[in-house]
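This report refers to the structure that appears directly beneath it.
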Amino acid sequence: MSDAVSDDVRNRLQWSLFALRVGVFIVMFIWTLDKFVNPGHSIAIFEKFYSIPGLGETTAYIMGALQLLLVLAFVAGIKKRFTYGIIFIMHGASTLSAFNQYFDAFNHLLFFAAWPMWAACFALYLLRDQDTKFTLNK
C-alpha cells in the first residue's frame, strides 16, 4: 500500500473515530445533564433498572458531577484507556440493566438504540490509539 493510500485510510479512520466519539459524548452528556435538571428521573432509573432505591438528590448531583468530568475527559481524548473503558462499562451496564425491556420489543423500541451505541463504545476502546483527531492526548 502506498503512503498516500495509507495516509488517506488513516485520515478517514481518524475522522470516523472522532464522529463516533462525538456521537457517544452527545448521548452521555444529555444523560449527565438529566442528573442536574431532573434528579428525580435519575433516582427513579437507579431504582427501577439497577435495584438501588432512595439515592436522593444530593447523590444524583454528585454522580452528575463525576459523570460530567468523565464525559468531558472522554470527548477531549484524555486518558483514553481509562475514560473510554469506563464509558464502555457504564453504557454496557445501562444496556444490560434494561434487558427485560428487550422481551417486549415493540413497546420498547428505543431501548434497542443502546446496542449500536455500545458497539461504538467498544470500537472506540479498541481503536483508542488511532483516535487522535481533536484529542488532548495523542
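Nothing in this text is a laboratory measurement; each read-out follows from the coordinates by a stated rule. Note that this is a predicted model, so its numbers are computed, not measured. Every residue, glycine as well, gets a Cβ built from its backbone with ideal geometry; the counts of neighbours run over all protein chains shown.
Looking at segment 30-45, can you tell me whether even one residue there is touching a residue at least 12 places away in the same chain (Cβ under 8 Å), part of a helix (DSSP H, G or I) and under 13 Å from the mean Cα position of the chain (by Cα)? Yes: one or more hits. From the list Thr132, Thr83, Thr95, the one residue that fits, being in contact with a helix residue (DSSP H, G or I) (Cβ under 7 Å, 6 or more places away or on another chain), polar (S, T, N, Q), assigned to a helix (DSSP H, G or I) and farther than 22 Å from Ser51 by Cα, is Thr83.
For the structure I just gave you, tell me whether Phe112 is among the aromatic types (Phe, Trp, Tyr), part of a helix (DSSP H, G or I) and surrounded by 19 or more Cβ atoms within 10 Å (Cβ to Cβ). When the stated conditions are applied, Phe112 does not pass them. Restricting to segment 94-124, what's the tally of residues that are among the hydrophobic types (A, V, I, L, M, F, W, C) and touching a residue at least 12 places away in the same chain (Cβ under 8 Å)? So the answer is 11. Among the residues of segment 120-129, the ones that are surrounded by 14 or more Cβ atoms within 10 Å (Cβ to Cβ) and assigned to a helix (DSSP H, G or I) come to 6 in all. Across segment 46-80, the qualifying residues are those that are in a loop (DSSP other than H, G, I, E, B) and of a type outside the set (S, T, N, Q), and the one among them that is surrounded by the most Cβ atoms within 10 Å (Cβ to Cβ) is Gly77.
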